[in-house]
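This report concerns only the one structure given below.
The values are calculated or read from the model by the stated rules, or taken from the named source; none is laboratory data. All values derive from a computational prediction rather than experimental measurement. Counting neighbours? That spans all protein chains shown, and the Cβs are built from the backbone with ideal geometry, glycine included. In case anyone asks, the SASA skips ligands and DNA or RNA and just uses the protein heavy atoms, side chains included. Shrake-Rupley method; radii C 1.70, N 1.55, O 1.52, S 1.80 Å.
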Amino acid sequence: MARYAFGIRFLISAAAALIFLALPIAGSAAVDINAVPNITTAQVDAFSALSWTTGPTGLILITLGSAIIAAFAGWRYMSALSVNRQLHQSHKRLADKNETLEAQVERRALELSREVEEHKHSQQFAETFFKQSQSLNMIAEFDGKILRLNSAWEDTLGYDPRNRTDVAPSNLLHPDDRQNTANQFKLLIAGENVDGFENRWICENGGYRHLRWSARTDPDRRLIYAVAQDVTEKKTAENALKLNASVFTFAHEGIFIADATGRFLDVNGAFTDITGYGLSDLHNKNAGLLHPETDSASAYRDRLDAVNANGVWRGDVNIRKKDGQSFPALLTLSAVEDESGQVDNYIGLFSDITKLKNNEKALEKLARHDKLTGLPNRDLLADRLTQAMARARRHDLFIAVAFIDLDGFKAVNDTYGHSTGDALLVAIARRLKAALRIEDTLARIGGDEFVAIITDLHHERDCVGTLERILRAASEQFILGPITTSVTASIGVAFYPQDHAISGEQLERQADQAMYEAKLAGRNRYRFFDPDKDKALATYHTQVAEAQTALEKNEFRLFYQPKADLETGLIIGCEALLRWQHPDRGLLVPQEFLPPIRKHPALALAIGNWVLDQTLRQLQNWQKQGLDLNVSVNLSGLQVMAPDFKEVLHGHLDRHTDITPEHLEIEFVESDVLLDISTMKSVIESCQDLGVRFALDDFGAGYSSLTCLKHLPLNTLKIHQDLVRGSPENLRDQEILKTIISMGRVFNLDILAEGIETDGHTSWLRKHGCRYGQGNAIAEPMAAQELPDWYSRQINNQFAGPDLQKHSSAS
């Protein structure tokens, strides 16, 4: 249009110019310029200047102008036609565009309608998916704040979804996973998708669960949509597989895997190192290849049966290497079952225990052999004896157990030292073993004691030759470097079988007992076990045990028998006599239970201290009741001559301070002190310093040595009751009594006769100068609570045999 406007303006301007030029020409022919009124000279001059245009030139200009105008008119017409045609095309295009726009609007409306429906459906699907529990779903903002969690979080991690919104995820992560998670979060915000990322989330109970994530972002809404799967069990299984693979690869134990038929499937490196077999060597081979030919096929089958029944078998086996050699191994064989419970594979794990077995043998030798001599020790001896006894029973034979103790070994050991003593033991062990047969056993059980088991005897006396060889081997001289010495052996022998069942330990004890009999008989000899003596020994141990129990249960009692002045009839004191109130046998007197106690020093001392304590306690009670009596107690020489007896006695007296020591008299028998008169003298003197009196009891029944009377500072001499009881009719006893009474006077001792049973005893003793007496004619032994009443009836009476006898009977 701008082009057209310019053209129009050009044509108009050209036409106007031509008209302007043509008018003067036309006007000059009819107008006189001078005739024009009021025209100026200048105007006349101007008009005259144009007069050159008249004539042909003016016609040309007019013709030219008309042509231009005609051309312009034609151009205008053509322009109008062109414009009209363009306008018609524009109207057509506009109509087409209107039609297309309407169709597009209609189509877009339909698309928008469908999009709205699809959006609604998508929202419903998303909501349904978010609420499903197969995965852990999360919506979070770009700043990390959690907006929404589905219910699966509570099922898996224990979270209440309502209590975990507005919480930064980093607070719920394992500390080691927080940085890596933050890096993944940055990638999400940068527009990258995240798939397969794993981290650990803290559970409500404090544990952790492994989650695997897929996440997308909505940049417009600045939201993150994430879905996680709980892969904890899978991770655990993967870790277990990795661990198993690591164990399989790096274990020091040989491991093999076989199929259900026993064919090898795989072996680890340690298997190859130990056996020499590579996997290629074992292709299509059965695991039975590893078992040496010396192993029975049934043993191999038994192991497989055990695995199939129990799922596992463990034990020691021998495994054959590729080079044919075998070695001991500790094998664990396990069965792997499929889903149906059928064995799918076998897994074997073994280790070479050659060193362990060698160490066990060495330790067994140390544990079951004597370190010095190399002989079997007590433990191995017990096994060998059990085996020998079983063999004797099967074959109806005898065995002899010989207990050997060296005579004089202690002197050699003390004189030359322990190294020489050890050398002597080694030499003796070598000789004794050479004296035995190869099927016999020699053991050292400690010190200089040995035990030999002599087997396969048809008769008990068949062992005599072996015993004689042992005696000769032990008694020959020994040259130990520069030292020449000799010893002998005492041997005790017990046999098996016997008339009654007996154990190996009892056999040893019998042989030990017989060995002591050999020593008592003079040493360098053998003695056979005597069953009768053994029975007596068993009785002794039973009696001692019962007496020990009686002491613990307070079954012992003290009875008191008064002692009188035979001239005046006055009661001067009493003797404490021990009794046992046995729960089954009633009241026992000392002769029924004391003999085995005297052979047991510890028990004898314990009972002696009990008697001493009870006597002083009773004496103190009587003094509180106004009863002033002296009391004597019988103690063994073992107790009296003990190094600490004075201190023990002093301790007893200190615990009973209300009595004076002069009221206590200690009695002992002559046989207890004859071997050590000087020690007994020292004890008596030290105790007399405390005020305690001493009496020699039962004089006249044993040695009746003047040595005791001469060297011991005694206070009282008590005559044995057997001499007194026989004195009226037996002249020999009468002479002995006279002699004893005379000796007592010589040594200025109080003489007291025991066992006064009749008036005749009393009269005879009084007549021959015996001042004091004790016996049933005076009073029978009585319980402590009975004595005060008896004493009160007697204290003012003059002694008269028949009268007292009547009273004693009455009481």
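Of all the criteria given as (1) open to solvent by less than 40 Å² (accessible area, probe 1.4 Å); (2) assigned by the TED database to the domain that holds Thr354, the one not satisfied by Arg263 is (1). Of all residue pairs spaced 6 or more apart or on separate chains, none has beta-carbon atoms under 7 Å together with a first member in the stretch 194-212 that is not assigned by the TED database to the domain that holds Val231 and assigned to a strand (DSSP E or B) and a second member that is loosely packed, with under 15 Cβ neighbours inside 10 Å and of a type in the set (Asp, Glu).
Could you say whether any residue in the stretch 507-525 is among the hydroxyl-bearing types (Ser, Thr, Tyr) and open to solvent by less than 60 Å² (accessible area, probe 1.4 Å)?
Among the residues of the stretch 507-525, not one is among the hydroxyl-bearing types (Ser, Thr, Tyr) and open to solvent by less than 60 Å² (accessible area, probe 1.4 Å), which makes the answer no.
Tell me which residues, restricted to the stretch 452-480, are among the basic types (Lys, Arg), under 22 Å from Leu397 (Cα atoms) and modelled with pLDDT of 95 or more.
Arg469
Of the strands (runs of 3 or more DSSP E) that lie entirely inside the stretch 523-633, those containing 1 or more residues that are touching a Lys or Arg at 6+ places or on another chain (Cβ under 7 Å) and β-branched (Val, Ile, Thr) span 571-582. Among the residues of the stretch 373-394, those identified as of a type in the set (S, T, N, Q) and either touching a residue at least 12 places away in the same chain (Cβ under 8 Å) or not in a helix (DSSP H, G or I) (or both) are Thr373, Asn377, Thr386.
In the set Val307, Val227, Val231, only one residue is outside the structural domain of Asp143 (by the TED database) and not hydroxyl-bearing (Ser, Thr, Tyr); that residue is Val307.
The strands (runs of 3 or more DSSP E) found wholly in the stretch 435-502 and carrying at least 1 residues that are open to solvent by 20 Å² or more (accessible area, probe 1.4 Å) and closer than 17 Å to Arg525 by Cβ occupy 449-457, 488-496. Residue check: is Gly341 on the phi > 0 side of the Ramachandran plot and modelled with pLDDT under 95? So Gly341 passes the test. Here Gly324 passes the criteria (1) surrounded by fewer than 12 Cβ atoms within 10 Å (Cβ to Cβ); (2) small (Gly, Ala, Ser); (3) touching a residue at least 12 places away in the same chain (Cβ under 8 Å) except the one numbered (3). The set of residues in the stretch 728-771 that are in contact (Cβ under 8 Å) with a residue 24 or more places away in the chain, farther than 16 Å from Asp698 by Cα, in a helix (DSSP H, G or I) and charged (D, E, K, R) comprises Arg745, Asp759, Arg766. Does Leu603 meet the test of being open to solvent by less than 20 Å² (accessible area, probe 1.4 Å), in contact with a helix residue (DSSP H, G or I) (Cβ under 8 Å, 6 or more places away or on another chain) and closer than 20 Å to Ala784 by Cβ? So Leu603 does not fit the description; no. Scanning the stretch 215-237 for residues that are more than 16 Å from Tyr159 (Cβ to Cβ), open to solvent by less than 50 Å² (accessible area, probe 1.4 Å) and of a type outside the set (A, V, I, L, M) turns up Thr217, Asp218, Lys235.
Applying a threshold of 7 Å to beta carbon distances and a minimum spacing of six or more residues, or different chains, the list of pairs starting in the stretch 351-372 at a residue that is within 28 Å of Gly446 (Cβ to Cβ) and ending at one that is in a loop (DSSP other than H, G, I, E, B) and among the hydrophobic types (A, V, I, L, M, F, W, C) reads His369/Leu375. Annotation note: of Ala538, Ala550, Ala576, the sole residue that is among the small types (Gly, Ala, Ser), more than 30 Å from Ile719 (Cα to Cα) and crowded, with 18+ Cβ neighbours inside 10 Å is Ala550.
Taking the stretch 789-802 as the range and being in contact with a helix residue (DSSP H, G or I) (Cβ under 8 Å, 6 or more places away or on another chain), modelled with pLDDT of 50 or more and open to solvent by 30 Å² or more (accessible area, probe 1.4 Å) as the test, the residues that pass are Arg793, Asn797. Residues of the stretch 772-784 that are within 60 Å of the chain's Cα centre (by Cα) and not in a strand (DSSP E or B): Ala784 alone. Considering the stretch 656-698, the residues that are of a type in the set (Val, Ile, Thr) and assigned to a strand (DSSP E or B) include one that is surrounded by the fewest Cβ atoms within 10 Å (Cβ to Cβ), namely Val669. For the structure I just gave you, tell me whether Gly760 is more than 30 Å from Arg557 (Cα to Cα), out of contact with any helix residue (DSSP H, G or I) (no Cβ under 7 Å at 6 or more places or on another chain) and surrounded by 19 or more Cβ atoms within 10 Å (Cβ to Cβ). No, not satisfied. Beta carbons closer than 7 Å, at least 6 apart along the sequence or on distinct chains, pair a first residue in the stretch 712-727 that is outside any loop (DSSP other than H, G, I, E, B) with a second that is of a type in the set (Phe, Trp, Tyr) for Leu717/Phe699; Lys718/Phe699; Ile719/Phe699.
For Gly324, the conditions (1) in a strand (DSSP E or B); (2) at positive phi are fulfilled apart from (1).
Would you mind stating whether Leu289 is touching a residue at least 12 places away in the same chain (Cβ under 8 Å), in the same structural domain as Ser340 (by the TED database), more than 30 Å from Leu136 (Cβ to Cβ) and part of a strand (DSSP E or B)? The answer is no for Leu289.
Okay, residues lined up against (1) within 32 Å of the chain's Cα centre (by Cα); (2) aliphatic (A, V, I, L, M); (3) at pLDDT 90 or above:
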site	(1), (2), (3)
Val307	yes, yes, no
Arg314	yes, no, yes
Arg320	no, no, yes
Pro328	yes, no, yes
Leu331	yes, yes, yes
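Output the residues belonging to the stretch 357-377 that are surrounded by 15 or more Cβ atoms within 10 Å (Cβ to Cβ) and not hydroxyl-bearing (Ser, Thr, Tyr).
First pass over the stretch 357-377, keeping only residues surrounded by 15 or more Cβ atoms within 10 Å (Cβ to Cβ): 357, 368-370, 373, 375-377.
Of everything in the stretch 357-377, those that are surrounded by 15 or more Cβ atoms within 10 Å (Cβ to Cβ) and not hydroxyl-bearing (Ser, Thr, Tyr) turn out to be Lys357, Arg368, His369, Asp370, Leu375, Pro376, Asn377.
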